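The values are calculated or read from the model by the stated rules, or taken from the named source; none is laboratory data. Note that this is a predicted model, so its numbers are computed, not measured. Backbone-built Cβ (ideal geometry, glycine too); neighbour counts: all protein chains shown.
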Amino acid sequence: MKKYIWLIFLAVVLVAVAAYVVFSKSEKKEAAPQVKSPVIVQEEKKKESEKNYENLIRVTKPQAGAEISSPLEISGEARGSWFFEASFPVRLVDENGKELASGIAEAEGEWMTENFVPFKATLVFDRKTAKSGNLILLKANASDLEELDDSFAVPVVFSQGETTVVKVFFSHEESRTEMDCSVTAPRERVIAKTQAVARAAIELLLVGPTLEEKSAGYFTSINPSVKLNSISIQAGKARVDFNGQLEQAVGGSCRVSAIRSQIEDTLRQFPTVKEVVISVNGRTEDILQP
């Protein structure tokens, strides 16, 4: 009898142990971490990347995920170590990595510092069929050593709104050989449709030729720091006013002639413009003198 009691007790113990093992495994299985989706992992990596670069470069415009159109104005601040000779390269690529535009961001202050320095840039591009892409800000690397390369990407979405084409007029190397500084050549720009098309054209003119156009011999005689104050068109007359940089350190009849032609030809592309009056801070007398 005692033998049977002992066997029953042993069986109960074994059942209890087995139940405990099964229950423990079930608890562990339930407590196992869930597998994250690739989208969540990518988003976490992006946030971690942004956090790591916060102490190096900060982009205020455009914001991540912003809808953009041409021309694209870029602004922010970066440590002085991100620059070389007060600038660094910027690129705009589509979702497949194809380059749509490239340019140079310029420091707006003393760049030889470890502190943050404001910067600005403008890119002119044709999105073609692209729907999304990345704005890439590359750290200036004068050494060309790959281990010193660095970059920061801002995801963007291309505006799918209506577009229009305007022309901007630049000088070309061939005009120098022809000794006619007033000769200009048109270059097309695709922009978001706007009623202020004349203003948009002049602002694009002030941006200057793209890097690709420069390599093809196009150039501008207008100072890079020139700003448009105002523009109006009435009764066939376009009045366009600039800041003082338009005539800053501008010498020689050739350059003055080229500046006037670039502005006038850009505005005369519009049928409503028959005459162009250029002014500097409201002054029309004695401006752009050789």
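Taken over segment 272-284, the criterion of being surrounded by fewer than 17 Cβ atoms within 10 Å (Cβ to Cβ) and over 15 Å from ALA201 (Cβ atoms) is satisfied by LYS274, GLU275, VAL277, SER279, ASN281, GLY282, ARG283, THR284.
Which of the strands (runs of 3 or more DSSP E) contained wholly in segment 80-187 include at least 1 residues that are surrounded by 14 or more Cβ atoms within 10 Å (Cβ to Cβ), aromatic (Phe, Trp, Tyr) and within 19 Å of the chain's Cα centre (by Cα)?
On the way: elements: 87-94, 99-107, 116-123, 132-138, 151-158, 163-172.
Ranges flagged: 87-94, 116-123, 151-158.
Quick test for you: out of PRO224, PRO271, PRO290, pick the one residue that is under 16 Å from PRO186 (Cβ atoms) and not hydrophobic (A, V, I, L, M, F, W, C).
PRO271
In the set (1) under 25 Å from the mean Cα position of the chain (by Cα); (2) at pLDDT below 95, the condition left unmet by ALA249 is number (1).
With respect to the conditions (1) touching a Ser or Thr at 6+ places or on another chain (Cβ under 9 Å); (2) not assigned by TED's automatic domain parsing to the domain that holds SER70, LEU138 lacks only one, and its number is (2). Could you please find all residues in segment 204-227 being farther than 19 Å from GLU162 by Cβ, in contact (Cβ under 8 Å) with a residue 40 or more places away in the chain and surrounded by 15 or more Cβ atoms within 10 Å (Cβ to Cβ)? Hits for segment 204-227 are LEU205, VAL207, THR210, GLU213, GLY217, TYR218, PHE219, THR220, SER221, ILE222. Within segment 248-264, no residue satisfies the criterion of being among the acidic types (Asp, Glu) and assigned to a loop (DSSP other than H, G, I, E, B).
Figure legend. Inter-residue proximity from segment 97-125: first residues over 26 Å from SER69 (Cα atoms), second residues assigned to a strand (DSSP E or B) and acidic (Asp, Glu), beta-carbon distance below 7 Å, spacing 6+ or different chains. Indicated pairs: PHE116/GLU77.
Residue-wise test of (1) outside any helix (DSSP H, G or I); (2) among the charged types (D, E, K, R); (3) surrounded by fewer than 13 Cβ atoms within 10 Å (Cβ to Cβ).
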{"position": "ALA201", "(1), (2), (3)": "no, no, no"}
{"position": "ASN229", "(1), (2), (3)": "yes, no, no"}
{"position": "ARG239", "(1), (2), (3)": "yes, yes, no"}
{"position": "LEU246", "(1), (2), (3)": "no, no, no"}
{"position": "THR266", "(1), (2), (3)": "no, no, no"}
{"position": "PHE270", "(1), (2), (3)": "yes, no, no"}
{"position": "ASP286", "(1), (2), (3)": "yes, yes, yes"}
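So which residues in segment 203-227 are basic (Lys, Arg) and not in a helix (DSSP H, G or I)?
Filtering segment 203-227 down to residues basic (Lys, Arg) leaves 214, 227.
Hit for segment 203-227 is LYS227, nothing else.
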